[in-house]
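Below is one structure, written out as structure tokens, with a few remarks after it.
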Amino acid sequence: MISPRSGGRRLAEALGRSKPYTPRWDDDLQRWVVKGSSVLLYDLLKRAREGDPWILMPYLVKYPEEACRGFFDAEGSVNINRYQIAAYNTNPRIIGLFEGLLGKLGIDYRTYRYHRDEFMICLKTGKLYRRNSGSIMCLAIYGEDNIMRFAEKIGFTIARKRAALMKLMRRYRGC
């Protein structure tokens, strides 16, 4: 887990700033938060989102573990009953990008495409919403060796996901 101070140093280093960013406690989120901004980074990420996410690949291949950790923290989950780690996204190019990174780390995966209904009902509000995409891609990791390699090299920074991964690893070990 990254400490708030090292997070401020890492963000400053990533954005080319000599002075580290100061961590602040967020009462609503009940955690330390480090915030920074960069017009260059914003433009790069905007171009990746609007066009081709592969524009990011030269940056991601330098740090494949960290890139995958961020992706799985945001889009991933652990299904203990299915012995699976999975990440979901509607953009097949993004899934393809992380397939390449997992391959570089020696982690085998399977990719699935699921078709979804055009509309969905929000469970909280009962409102009807139209989906932007008719399908969703699933990037799934199965098997003891691959799960253990994922835990060793990538893992999760989100506590509840990290706890679920540890529970899955204990199941493999028979504990």
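Nothing in this text is a laboratory measurement; each read-out follows from the coordinates by a stated rule. The structure presented is a predicted model; accordingly, all values stated were derived computationally and were not measured. When we count neighbours, we look across all protein chains shown, and the Cβ atoms used for this are built from the backbone with ideal geometry, even at glycine.
Were the residues from GLU144 through ASP27 laid out at 0.36 nm apart, the gain over their Cα-Cα distance would be 38.2 nm.
When a/c is below 1.5 the answer is rounded, else prolate if a/b is larger than b/c, else oblate, so apply that to the stretch 53-173 with a ≥ b ≥ c taken from the square roots of the Cα gyration tensor eigenvalues. Oblate, since a/c reaches 1.5 and b/c is not below a/b.
Using the Cβ of CYS138 as centre and a radius below 14 Å, the other residues enclosed give a net charge of +2, where K and R count +1 and D and E count -1. The modelled label-to-label distance for the pair TRP54/GLU13, using points 7 Å beyond Cα in the direction of Cβ, is 3.0 nm. Taken about its Cα centre, the stretch 5-49 carries a charge dipole of about 200 debye when Lys and Arg each add +1 at the Cβ and Asp and Glu each add -1 at the Cβ. Full extension of the segment from ILE158 to ARG130, taken as 0.36 nm per residue of separation minus the current Cα-Cα distance, would add 7.1 nm. Inter-label distance, ARG173 to SER77: 2.6 nm, where each label sits 7 Å from its Cα along the C-beta direction.
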